[in-house]
1. Would the stretch 25-35 turn up any residue that is in contact with a Ser or Thr (Cβ under 7 Å, 6 or more places away or on another chain) and part of a strand (DSSP E or B)?
2. Of the conditions (1) touching a strand residue (DSSP E or B) at 6+ places or on another chain (Cβ under 6 Å); (2) surrounded by fewer than 13 Cβ atoms within 10 Å (Cβ to Cβ); (3) farther than 27 Å from Phe7 by Cα; (4) among the charged types (D, E, K, R), Arg78 fails just one. Which one is it?
3. Could you list all residues from the stretch 65-86 that are assigned to a helix (DSSP H, G or I) and in contact (Cβ under 8 Å) with a residue 12 or more places away in the chain?
4. Leu51: out of contact with any strand residue (DSSP E or B) (no Cβ under 6 Å at 6 or more places or on another chain) and within 30 Å of Pro8 (Cβ to Cβ), yes or no?
5. Which residues, counting only those in the stretch 29-68, are among the small types (Gly, Ala, Ser) and at pLDDT 90 or above?
6. Any idea how many residues of the stretch 23-77 are in contact with a helix residue (DSSP H, G or I) (Cβ under 8 Å, 6 or more places away or on another chain) and charged (D, E, K, R)?
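The values are calculated or read from the model by the stated rules, or taken from the named source; none is laboratory data. All of these numbers come straight from a predicted model, not from anything done at the bench. Virtual Cβ from ideal backbone geometry, glycine too; neighbours counted across all protein chains shown.
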Amino acid sequence: MIDAQRFPYKIIDSSLGMVDRMPYLPLKLSLNDRSLNVEGLLDTGASVNVLPYELGLQLGLVWENETLSVVLAGNLARFEARAVVVNARGRSIILKI
């Protein structure tokens, strides 16, 4: 790999009593004139990225105004989801999520 990067694994202690190590990527999310510094789970096999509802609100999204719905599968299948485009910048990468 020419451009390989390493990301630290953090110990995550969930409310269910499980402890796990997961890789997190520091990101700056931007939408219009708002931005947030956050950390996102690094999942190189994901076909969909999930933006938590509260972070969307902080970026100024009005979820009820977003009309493009997305059907989620697995453990997220019971939740309503909308498609939005948010700029994400982390270290030397730029993503559209």
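1. First, pick out the residues of the stretch 25-35 that are in contact with a Ser or Thr (Cβ under 7 Å, 6 or more places away or on another chain): 28-29.
In the following step, the residues that additionally are part of a strand (DSSP E or B) were identified as 28-29.
Among the residues of the stretch 25-35, at least one is in contact with a Ser or Thr (Cβ under 7 Å, 6 or more places away or on another chain) and part of a strand (DSSP E or B), which makes the answer yes.
2. Exception for Arg78: condition (1).
3. The answer is Leu76, and nothing else.
4. Values: out of contact with any strand residue (DSSP E or B) (no Cβ under 6 Å at 6 or more places or on another chain): yes; within 30 Å of Pro8 (Cβ to Cβ): yes.
Taking the combined requirement at face value, the residue satisfies it.
5. Start the filter on the stretch 29-68 by keeping residues that are among the small types (Gly, Ala, Ser), which leaves 30, 35, 40, 45-47, 56, 60.
Matches in the stretch 29-68: Ser30, Ser35, Gly56, Gly60.
6. 1
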